[in-house]
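Structure record follows, encoded as C-alpha cells.
The values are calculated or read from the model by the stated rules, or taken from the named source; none is laboratory data. Since this is a predicted model, take the numbers as computed values, not measurements. Heads up, the Cβs are rebuilt from the backbone with ideal geometry, glycines too, and the neighbour counts pull from every protein chain shown.
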Amino acid sequence: MANEVKSVEYGLEKIFEGAQDFLPLLGTDYVEFYVGNAKQAAHFYKTAFGFQSLAYAGLETGVKDRASYVLQQDKIRLVLTTALNSDSPIGEHVKKHGDGVKVTALWVEDARAAYEETTKRGAKSYMEPTVETDEHGEVVRAGIYTYGETVHMFVERKNYNGVFLPGYQEWKSDYNPPATGLKFIDHMVGNVGWGEMNTWVKWYEDVMGFVNFLSFDDKQIHTEYSALMSKVMSNGNGRIKFPINEPAKGKKRSQIEEYLDFYEGPGVQHIAVATDDILKTVADLRSRGIEFLSTPPQSYYDAIPERLGKHMEMMKEDIGELAKLGIMIDADEEGYLLQIFTKPVEDRPTLFFEIIQRMGARGFGAGNFKALFESIEREQEARGTL
C-alpha cells in the first residue's frame, strides 16, 4: 500500500511558522451559545449529537440572571445559556440574532498576559481579567470582542480541578445517550460583511498573532449564481483555526448574504468537529434526526478517482459507502479529507455544523466548494432566499 495516512491530531508544536504566537493558545476551552431555551437546547445536543451532561449554573447555584447547561463530548465543551429575565443582554442577543454563538473560549496558560497582549494591540475589551474561585481552586478569565458581538474569552485553569468553572455544579443526569464519535473542534468559521474580510484578517494577524495560511477568492468559490471569498487564519500549532468569509457579487444572493441578513450582522457561521470514523458518526447522527445538506450528484462521485489521483491509493473508505451518506472527499499534498455539512440547526438559516475526518490533509475541501454551494443553493431556493 502507498503512504499510510492517519487522522490528523494537532499537538502544541508550531506548524505554521508565520504565526507570531505571543499568546500562546493551548486549544478551544468551550463554546457558549446564547439561546432562547437552554434546557431544551441541551436535550437536543445530547439526543442528536451525543453530548454528555457535565455542569450547570442557575438559580439552584445562586445565579439569578441566567441558566447555563454545560455539555461535553471528548475534548468539545458546549455551554448553552439563556436569560432568566426580560431585561438581560442575553435575551437581547437572542432577540436580535436568534440562537447563536456568543463566546469562543480559548484555553491559555496566562489569561492576564493574553488580555494585555491583545488589548494593547487594539482589541476591544469585553471583560477585564477576573479571578473566580471555589473549593476546587481558581480560574482566571478575560475577554475581548472579535467580529460583530462575538467574544474570545481567555481561560486559565492551571490552578483549578473542578468540574468546569467556579459557580457551576456537577450536572448528573439519568439520560446520557451514547457519544457519536465527535472528538474536538477542528475550526470555526466567521461570516463578516461586504469588504470586511481583510480587515479581520489583519486583526487576527496583529491582535492575536495568527497567520493567514490559505486564501480563496470568488474565482475559486462560486457557482452559476453566487460567490464568496474566504481566508483561513490559524495560530502557530494549528489547534485554533478561524476561516473568515465575506460575500462576493453574484447573480443571486449567496449563503453569506443570507446569513448576514438573518443573523443581523457578523457571527459564527459553522463549527467543524473532527471524527476518526466519519461513516459511523454520520450514520449515527442521521439515525438521531440530524439533517444534512442534499447529496452531491453521482457525477461528483464518479469523478473522485481522477480528482484524487495518487491519493486514491491511500483511501481506506469505499466511495459507494461515502456516496450513500452524502459525504464529500478532497485531497491536498499531505493526504485526503472527508467532510459533510448539516442543514442549519436553528430556525433562522444561520448556524450549522461540519463533520470532518482529516486523513493527513490540512486543507478545507476546496475541491468540494462547488458541490457544497449547489447543495446550499437548493436549500436557499426552497426558503425563497436565493
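Of the residues in region 116-137, at least one is out of contact with any Gly (no Cβ under 9 Å at 6 or more places or on another chain) and at positive phi. The residue that is farthest from K370 (Cα to Cα), counting only those in region 225-253 that are over 19 Å from the mean Cα position of the chain (by Cα) and hydrophobic (A, V, I, L, M, F, W, C), is A248.
If a residue has to be among the small types (G, A, S) and under 14 Å from Y145 (Cα atoms) to count, how many in region 94-118 make the cut?
Qualifying residue count, region 94-118: 2.
For region 104-111, the criterion of a residue being over 22 Å from T275 (Cα atoms), of a type in the set (S, T, Y) and not assigned by TED's automatic domain parsing to the domain that holds R239 is satisfied by no position. Examine region 161-168 for a residue that is loosely packed, with under 14 Cβ neighbours inside 10 Å and in contact with a Ser or Thr (Cβ under 9 Å, 6 or more places away or on another chain), and state whether such a residue exists. Within region 161-168, not a single residue is loosely packed, with under 14 Cβ neighbours inside 10 Å and in contact with a Ser or Thr (Cβ under 9 Å, 6 or more places away or on another chain). Among the listed residues E333, E379, which satisfies the condition of being free of Cβ contacts under 8 Å to residues at least 12 places away in the same chain and either farther than 24 Å from K280 by Cβ or out of contact with any Ser or Thr (no Cβ under 9 Å at 6 or more places or on another chain) (or both)? Every option except E333 fails the conditions. Tell me, which residue of region 334-357 that is assigned to a strand (DSSP E or B) and of a type in the set (V, I, T) is nearest to D276 (Cα to Cα)? Only one residue tops the list, namely I356. Of all positions in region 114-134, none carries a residue that is closer than 30 Å to D276 by Cβ and polar (S, T, N, Q).
So that you can scan it fast, the table gives a plain yes or no per residue for (1) outside the structural domain of F44 (by TED's automatic domain parsing); (2) modelled with pLDDT of 95 or more; (3) farther than 16 Å from I256 by Cα; (4) in contact with a His (Cβ under 6 Å, 6 or more places away or on another chain):
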| residue | (1), (2), (3), (4) |
| --- | --- |
| T281 | yes, yes, yes, no |
| P297 | yes, no, yes, no |
| Q339 | yes, yes, yes, no |
| R362 | yes, no, yes, no |
| G365 | yes, no, yes, no |
| K370 | yes, no, no, no |
| S375 | yes, no, no, no |
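Out of A371, A331, A323, one residue alone is small (G, A, S) and in a strand (DSSP E or B). It is A331. When restricted to residues that are surrounded by fewer than 19 Cβ atoms within 10 Å (Cβ to Cβ) and out of contact with any Ser or Thr (no Cβ under 7 Å at 6 or more places or on another chain), region 60-87 contains 12.
What are the residues in region 88-111 that are in a helix (DSSP H, G or I) and either of a type outside the set (K, R) or on the phi > 0 side of the Ramachandran plot (or both), if any? Scanning region 88-111 gives P89, I90, G91, E92, H93, V94, H97, A111. Residues of region 173-192 that are touching a strand residue (DSSP E or B) at 6+ places or on another chain (Cβ under 7 Å), over 21 Å from R239 (Cα atoms) and modelled with pLDDT of 95 or more: S173, A179, V192. Of all the listed residues (L308, L260), the sole one being among the hydrophobic types (A, V, I, L, M, F, W, C) and within 22 Å of the chain's Cα centre (by Cα) is L260. Would you confirm whether any residue within region 197-204 is under 26 Å from V345 (Cβ atoms) and in a loop (DSSP other than H, G, I, E, B)? No, because not a single residue in region 197-204 is under 26 Å from V345 (Cβ atoms) and in a loop (DSSP other than H, G, I, E, B). Checking region 235-254 against the condition returns a match, with at least one residue being surrounded by fewer than 22 Cβ atoms within 10 Å (Cβ to Cβ) and in contact with a Pro (Cβ under 8 Å, 6 or more places away or on another chain). Selection within region 38-87: residues that are of a type in the set (G, A, S) and part of a helix (DSSP H, G or I). The member of this set that is farthest from D99 (Cα to Cα) is A48.
Can you pull out the residues in region 217-249 that are among the hydrophobic types (A, V, I, L, M, F, W, C) and either under 28 Å from D21 (Cβ atoms) or modelled with pLDDT of 90 or more (or both)?
M229, V232, M233, I240, F242, I244
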